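First the structure, in the form of structure tokens, and then the observations on it.
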Amino acid sequence: MTKNTVKISFKQPSGAIKEIEAPVGQSVMQAAIFNNVDGIEAECGGSCMCATCHIYVPAESANLTGTASEEEQEMLGETAAERRPESRLSCQIVVTADMDGHTFDVPECQS
């Protein structure tokens with residue numbers, strides 16, 4: 001039986017960590033917005049059109065998030081914060097049961 005929610009965390013630039021419960025099947029962005037995670041703005045509502053839900057996916061979680069589409073890669077070029085190899089748009093990552101206990105990093109500057 002699959003778990004309905006998992007615990008994921010968001011690490012702020014200050015080092016503060018906010019752990020939330022995220023429903024499996026929801027986007028990481030939606031989970032962040034519904035739990036008031038600082039630094040995730042999601043101005044376009046998850047349409048891959050604004051890059052204000054930019055996060056960094058640590059190497060240990062990269063195999064769980066898939067790879068960025070060409071459209072996402074283009075939008076990552078518009079991020080306000082430094083784009084890194086581990087940059088992703090959280091609206092394009094779906095929460096899975098395997099993400100339980102994983103942490104995503106919020107960049108210093110979003111907008």
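The values are calculated or read from the model by the stated rules, or taken from the named source; none is laboratory data. It should be emphasised that the depicted structure is a prediction, and the values quoted were computed from it without experimental measurement. Cβ sites come from the backbone with ideal geometry, for glycine too, and all protein chains shown count toward neighbours.
Looking at 69, 61, 9 in this structure, which one is in contact with a helix residue (DSSP H, G or I) (Cβ under 9 Å, 6 or more places away or on another chain), of a type outside the set (A, V, I, L, M, F, W, C), in contact (Cβ under 8 Å) with a residue 24 or more places away in the chain and at negative phi?
Being in contact with a helix residue (DSSP H, G or I) (Cβ under 9 Å, 6 or more places away or on another chain), of a type outside the set (A, V, I, L, M, F, W, C), in contact (Cβ under 8 Å) with a residue 24 or more places away in the chain and at negative phi holds for just one of 69, 61, 9, which is 61.
Of all the residues that make up segment 91-111, how many are part of a helix (DSSP H, G or I) and either of a type in the set (Phe, Trp, Tyr) or closer than 15 Å to residue 42 by Cβ (or both)?
Within segment 91-111, residues that are part of a helix (DSSP H, G or I) and either of a type in the set (Phe, Trp, Tyr) or closer than 15 Å to residue 42 by Cβ (or both) number 2.
Can you say whether residue 111 is more than 14 Å from residue 26 (Cα to Cα), polar (S, T, N, Q) and at pLDDT 95 or above, as far as the supplied structure shows?
Considered against the rule, which asks whether it is more than 14 Å from residue 26 (Cα to Cα), polar (S, T, N, Q) and at pLDDT 95 or above, residue 111 comes out as no.
What's the number of the only condition in (1) within 14 Å of the chain's Cα centre (by Cα); (2) hydrophobic (A, V, I, L, M, F, W, C); (3) surrounded by 14 or more Cβ atoms within 10 Å (Cβ to Cβ) that residue 59 fails to meet?
Residue 59 satisfies all of (1) within 14 Å of the chain's Cα centre (by Cα); (2) hydrophobic (A, V, I, L, M, F, W, C); (3) surrounded by 14 or more Cβ atoms within 10 Å (Cβ to Cβ) except (3).
With the requirement that a residue be within 20 Å of residue 108 (Cα to Cα) and among the hydroxyl-bearing types (Ser, Thr, Tyr), what does segment 63-94 give you?
79, 87, 90
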